[in-house]
Amino acid sequence: MKHFITTADWSQQALQEMLDLAKKFKQGEKSNALKNKSVALLFFNPSLRTRTSFELGTWQMGGHAVVLEPGKSAWPLDFEFGSTMDGIAEEHVIEAARVLSRFCDLICIRAFPKFENWQEDRQDKVIKTFAKYASVPVINMETITHPCQELAHMQTIQEQLGVAKNKKYLLTWTYHPKPLNTAVANSSLLISTKFGMDVTLLCPNENYLLDQRYMQLAKENAEENGGSFQVTHNIEEAYEGAEIVYAKSWGALPYFGNWEPEKQIRDQYKHFIVNEEKMAMTNNAKFSHCLPLRRNIKATDAVMDADYCIAIDEAENRLHAQKAMMEHLIKQ
Ligand code: CP
């Protein structure tokens with residue numbers, strides 16, 4: 001039984017099969033792959049797109065989705081082993097995973113990092129523990145990567161560019177007043193290099209490099225799939241000739257949990273905003289973002305409202321891509 005926790009566990013061919021099915025769903029093909037089946041959606045963090053697309057996608061395939069918010073509408077969970085549970089948690093993940101597996105055919109988890117200790121958060125303990133004790137497939141709805149966003153992103157790129165291989169792809173860091181999760185940035189590198197794109201990571205300085213695990217996977221993917229991967233801190237060099245511009249903000253990992261000094265550094269890079277001047281340096285690039293996005297902080301109104309902005313298409317494709325992925329998992 002295979003989980004969908006990171007696309008690093010999946011071949012390009014398997015992901016392409018999901019994307020091909022997602023395209024058919026978008027064209028109107030129906031599926032009852034989830035008929036009489038149920039899907040648990042566990043949200044430890046808020047969502048607009050993920051919750052809506054999973055709930056509707058499950059319903060459209062004949063199934064039923066149950067939304068649970070541990071600590072709010074469901075019991076707070078404990079993830080420690082061998083501890084005396086005398087804190088706020090009323091239930092252990094071991095029972096939660098086993099019970100949900102009796103009720104449901106898929107378990108989907110959103111659990112962002114705690115933003116205190118990256119060495120702890122990078123272990124992705126919440127979803128991995130669910131996967132260990134569940135007897136049904138577990139799906140990542142965003143932890144330290146966001147593989148569902150990756151599928152929708154690649155579906156949108158293929159709609160726009162056809163074959164992605166060797167197309168020039170830019171992942172640019174952008175300013176945000178708060179230190180955000182690196183998940184979508186990690187995922188951006190994983191999926192673009194998995195499909196052999198020529199990928200550039202633009203970030204203000206080396207403090208904003210992504211975790212070595214994802215930098216290394218990007219290098220290995222690029223070698224394996226005939227693409228390339230480079231890093232730059234030079235805005236002009238990065239935008240020159242790009243065909244896809246993907247923007248995301250994230251907090252600098254060396255300052256993880258010590259955000260006060262990081263904010264002083266981050267505040268110096270507000271000019272990384274995606275604007276028309278930067279987009280004019282590209283090769284008629286399409287612009288996208290996973291959303292939500294703060295307008296005129298990460299990208300200007302003009303960019304968000306331009307014909308080349310495909311962020312809404314990418315959001316729609318969450319629905320189609322996740323339906324395809326759930327069908328793949330349920331039929332394995
Ligand atoms: N992109 C994304 O996952 O959106 P939500 O946080 O609204 O689910």
Give the distance, in whole Å, between the Cα centre of segment 246-293 and the Cα centre of segment 163-221. 12 Å
Suppose every K and R has +1 on its Cβ and every D and E has -1 on its Cβ; what is the size of the dipole of segment 44-161 about the Cα centre, in Debye to the nearest 20? 240 debye
From the protein chains alone at 1.4 Å, what is the descending order of accessible area for CYS203, CYS309, largest first? CYS309, CYS203
Out of all Cα-Cα pairs in segment 149-314, roughly what percent, to the nearest whole number, are more than 23 Å apart? 32 percent
In whole Hz, the Karplus estimates of ³J(HN,Hα) for segment 294-305 (6.51, -1.76, 1.60; θ = phi - 60°; x where Gly or Pro) are 7, 5, 6, 10, 8, 8, 6, 3, 4, 5, 5, 9
What number, in nm² with one decimal, is the all-direction average of the projected area of the convex hull of the alpha-carbon atoms of segment 219-258? 4.3 nm²
Simple label model, 7 Å out from Cα along Cβ direction - LYS125 to GLN268, nm: 3.4 nm
What is the antiparallel percent of DSSP beta bridges lying wholly in the chain, to the nearest 5? 0 percent
Skipping prolines and chain starts, which residues have an amide H placed within reach, meaning under 5 Å, of the one on ALA242, given they are 5 or more residues away or on another chain? ASN283
Starting from 0.36 nm per residue, how many nanometres of slack lie between LYS331 and ALA8 once their C-alpha separation is accounted for? 114.2 nm
Could you pull out which residues in segment 136-175 have an amide N less than 16 Å from a spot 7 Å beyond the Cα of GLU240, following the Cα-Cβ vector? 168-170
Quick one: putting +1 on the C-beta of Lys and Arg, -1 on the C-beta of Asp and Glu, what dipole do you get for segment 149-314 around its Cα centre, in Debye to the nearest 20? 340 debye
Under unit Cβ charges (Lys, Arg +1; Asp, Glu -1), what dipole magnitude, rounded to 20 debye, does the chain have relative to its Cα centre? 800 debye
With a 1.4 Å probe and all protein chains kept in place, how much accessible area does PHE115 have, in Å² rounded to the nearest 10? 50 Å²
For the chain, with equal point scatterers placed on the C-alpha atoms only and solvent neglected, what are the log10 I(q)/I(0) values from the Debye formula at q = 0.08, 0.10, 0.13 1/Å, to two decimals? -0.36, -0.58, -0.98
Per 10 Å bin from zero, what fraction in whole % of the C-alpha pairs of segment 1-155 is there, up to the bin with the longest pair? 10, 38, 37, 12, 3, 0
Between the modelled labels at ARG102 and ASN275 (7 Å from Cα along Cα→Cβ) the distance in nm is 6.0 nm
Taking N as the number of residues in segment 1-57, what is its Cα Rg relative to 2.2 N^0.38 Å? 1.32
Tell me which residues come under 5 Å, amide H to amide H, from THR174 once H is placed; ignore anything under 5 positions away on its chain. LYS248, SER249, TRP250
Measure of exposure for MET279: accessible area at 1.4 Å probe, Å² rounded to 10, is 10 Å²
Two decimals is fine: what is log10 I(q)/I(0) at q = 0.12 Å⁻¹ for segment 201-281, from a Debye sum with one equal scatterer on every Cα and no solvent? -0.42
Charge dipole (segment 149-314, unit charges on Cβ, about Cα centre) - positive-most of GLY227, LEU151, TYR208: TYR208
With each run of n ≥ 4 DSSP H residues scored as -39500 (n - 2.57), what mean residue ellipticity at 222 nm is computed for the chain after dividing by its residue count and rounding to the nearest 500 deg cm²/dmol? -12000 deg cm²/dmol
LEU56 - accessible surface, heavy atoms, 1.4 Å probe, Å² rounded to 10: 80 Å²
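The values are calculated or read from the model by the stated rules, or taken from the named source; none is laboratory data. Quick caveat: nothing in here was measured; it's all calculated off a predicted structure. All Cβ positions, even for glycine, are placed from backbone atoms using ideal geometry, and neighbour counts span all protein chains on display. Just the protein is used for accessible areas: all its heavy atoms, side chains included, with ligands, DNA and RNA removed. Shrake-Rupley method; radii C 1.70, N 1.55, O 1.52, S 1.80 Å.
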